[in-house]
Amino acid sequence: DAKARGGALIGQFHDGLRSAVVYRADLERRLVGAVERGEILTHFQPILSLPDRRIVGFEALARWQQGSATLSPNEWIPIAESTGLINEIGEHVLRQAVQQLQRWLADGHQVTLSVNVSPRQLSSRRFADAVLGCLATGVPPGLIALEVTESLAVDEAASAILAGLRAEGVRIALDDFGTGYSALGAVSRLPVDVLKVDQSIVRRANDPQGRALLTSVLAIARSLGLTTVAEGVETPELEAALAELGCELVQGFLYSPAVDAETAAAMLV
Ligand code: C2E
Ligand code: MG
Ligand code: MG
Ligand code: MG
């Protein structure tokens with residue numbers, strides 16, 4: 001009867017919920033010590049200038065190698081953030097990426113490096129000190145960009161830490177611009193040099209409304225003296241629209257996904 005069916009449904013729901021909780025708990029347990037075990041790898045996605053398609057830099061993107069599987073950051077970065085493991089993981093990625101940048105520079109490649117930073121990593125001085133430690137090894141600060149999201153804009157302390165790093169010459173990029181709230185507010189409140197336009201906007205570059213939105217975003221960026229990077233460029237049609245609208249830099253599967261350091265180096269001529 002209906003009641004029995006209802007009970008069965010609730011049972012299924014409960015089982016589903018429980019397995020999601022168990023799965024998350026399991027991921028959390030396995031993430032502990034992942035850095036020491038060498039499971040956190042740093043991959044690199046090229047950032048290119050338009051219209052010449054020259055590689056001007058790379059964004060470091062963390063990968064978690066679990067046996068033969070690679071877990072997407074969207075699955076485990078939130079866990080790393082809520083447990084605080086992001087501090088250790090973020091520093092590891094930063095060091096690996098900066099070391100790689102130094103090798104590329106030594107080989108005569110003038111490229112920039114972008115590193116993602118979670119809000120949690122800016123709740124103390126720890127990450128900033130790690131960045132300063134990297135700068136002390138002689139890497140030019142202007143070649144390093146820290147990618148932060150708008151959610152940071154509400155936090156004064158985090159904003160002050162970023163401002164301090166910016167005063168050392170490090171560049172600050174506002175990531176995923178156009179998603180979430182107070183997109184424009186963040187630009188005026190945060191110390192920002194680069195605007196990374198989210199792929200949800202970039203994708204729409206060729207429909208009239210999307211194009212109008214993109215046009216205004218690029219105009220605002222230009223008037224504030226910010227460099228613009230379009231994220232998630234997947235087709236030549238999108239590239240053409242972005243070039244026409246004066247977007248300076250692009251990143252996306254049209255050019256390359258994130259690849260290991262060796263593969264990235266092979267893309268530099
Ligand atoms: P994000 O910083 O916005 O990075 C861009 C994401 O878009 C990357 O996903 C990249 O692989 C993906 N992407 C690039 N081009 C395309 C495209 O043409 N089409 C599509 N559909 N996707 C594209 P990924 O590597 O899975 O990273 C997801 C998010 O995880 C990142 O978003 C970033 O917020 C976070 N993340 C990654 N590595 C780190 C890290 O080391 N530290 C922190 N705190 N967060 C990280
Ligand atoms: Mg990013
Ligand atoms: Mg992004
Ligand atoms: Mg993101």
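The values are calculated or read from the model by the stated rules, or taken from the named source; none is laboratory data. All values derive from a computational prediction rather than experimental measurement. Every residue, glycine as well, gets a Cβ built from its backbone with ideal geometry; the counts of neighbours run over all protein chains shown.
Is the range 119-129 home to any residue that is in a helix (DSSP H, G or I), in contact (Cβ under 8 Å) with a residue 40 or more places away in the chain and of a type outside the set (A, V, I, L, M)?
yes
For every residue, the table says whether it meets (1) among the charged types (D, E, K, R); (2) over 25 Å from ARG171 (Cβ atoms); (3) in a loop (DSSP other than H, G, I, E, B); (4) within 16 Å of ligand 2 (Cβ to nearest atom).
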position: GLN209; (1), (2), (3), (4): no, yes, no, no
position: ALA212; (1), (2), (3), (4): no, yes, no, no
position: LEU218; (1), (2), (3), (4): no, no, no, no
position: LEU242; (1), (2), (3), (4): no, no, no, no
position: CYS247; (1), (2), (3), (4): no, no, yes, no
position: PRO257; (1), (2), (3), (4): no, no, yes, yes
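Of the residues in the range 35-73, how many are part of a strand (DSSP E or B) and more than 14 Å from the chain's Cα centre (by Cα)? Outline the logic, then answer.
In the first step, residues of the range 35-73 are kept if they are part of a strand (DSSP E or B); the result is 40-49, 54-66, 69-71.
Next cut, more than 14 Å from the chain's Cα centre (by Cα) only: 40-41, 48-49, 54-56, 64-66, 69-71.
Number satisfying all stated conditions: 13.
Taking only pairs six or more apart or across chains, which ones have beta-carbon atoms under 6 Å, a first residue in the range 250-269 that is at positive phi, and a second residue that is among the small types (Gly, Ala, Ser)?
GLY252/GLY232
Just one of GLY169, GLY138, GLY142 is closer than 24 Å to LEU249 by Cβ, more than 16 Å from ligand 3 (Cβ to nearest atom) and not in a helix (DSSP H, G or I); which is it?
Working: GLY138 fails: closer than 24 Å to LEU249 by Cβ; GLY142 fails: not in a helix (DSSP H, G or I).
The conditions single out GLY169.
Of the residues that make up the range 173-190, is at least one farther than 28 Å from THR235 by Cβ, hydrophobic (A, V, I, L, M, F, W, C), within 16 Å of ligand 3 (Cβ to nearest atom) and at pLDDT 85 or above?
no
Checking SER49 against (1) touching a strand residue (DSSP E or B) at 6+ places or on another chain (Cβ under 6 Å); (2) surrounded by 20 or more Cβ atoms within 10 Å (Cβ to Cβ); (3) under 22 Å from PRO141 (Cα atoms); (4) not aliphatic (A, V, I, L, M), only one condition comes out false. Which one?
(2)
Picking from ALA241, ALA221, which residue would you name as being modelled with pLDDT under 95, away from ligand 4 (no atom under 16 Å from the Cβ) and either buried (at least 17 other Cβ atoms within 10 Å of the Cβ) or within 21 Å of VAL117 (Cα to Cα) (or both)?
When all the criteria are applied, what remains is ALA221.
For the range 191-213, give me each residue that is away from ligand 1 (no atom under 16 Å from the Cβ) and among the aliphatic types (A, V, I, L, M).
Answer for the range 191-213, where residues must be away from ligand 1 (no atom under 16 Å from the Cβ) and among the aliphatic types (A, V, I, L, M): ALA212, LEU213.
Counting only residues that are of a type in the set (A, V, I, L, M, F, W, C) and in a loop (DSSP other than H, G, I, E, B), which one in the range 187-206 is surrounded by the fewest Cβ atoms within 10 Å (Cβ to Cβ)? Steps first, please.
Taking the range 187-206 and keeping what is of a type in the set (A, V, I, L, M, F, W, C), we get 187, 190, 192, 194-195, 197, 201-202, 205.
Cutting the leftovers down to in a loop (DSSP other than H, G, I, E, B) gives us 190, 192, 205.
Values: LEU190: 19, VAL192: 23, ALA205: 24.
Applying the filter and picking the extreme gives LEU190.
Give the residue that is surrounded by the most Cβ atoms within 10 Å (Cβ to Cβ), with candidates limited to residues of the range 110-133 that are of a type in the set (Lys, Arg) and away from ligand 2 (no atom under 16 Å from the Cβ).
Looking at the filtered set, the residue picked out is ARG126.
Between LEU31, LEU105, which is farther than 20 Å from ALA265 by Cβ and surrounded by 13 or more Cβ atoms within 10 Å (Cβ to Cβ)?
Just a single option satisfies the conditions, and that option is LEU31.
Please indicate, with yes or no, whether at least one residue in the range 87-106 is within 16 Å of ligand 3 (Cβ to nearest atom), at pLDDT below 95 and either among the aromatic types (Phe, Trp, Tyr) or under 28 Å from ARG30 (Cα atoms) (or both).
No, the range 87-106 has no match at all.
For the subset of the range 220-240 comprising residues that are small (Gly, Ala, Ser) and assigned to a loop (DSSP other than H, G, I, E, B), which member is nearest to ligand 3 (Cβ to nearest atom)?
GLY232
Just for the range 147-157: of the residues that are at pLDDT below 90 and touching a Ser or Thr at 6+ places or on another chain (Cβ under 9 Å), which one is farthest from ligand 3 (Cβ to nearest atom)?
Result: ALA157.
Kindly indicate whether any position in the range 1-11 is closer than 26 Å to PRO141 by Cα and either part of a helix (DSSP H, G or I) or touching a helix residue (DSSP H, G or I) at 6+ places or on another chain (Cβ under 6 Å) (or both).
Checking the range 1-11: not a single residue is closer than 26 Å to PRO141 by Cα and either part of a helix (DSSP H, G or I) or touching a helix residue (DSSP H, G or I) at 6+ places or on another chain (Cβ under 6 Å) (or both).
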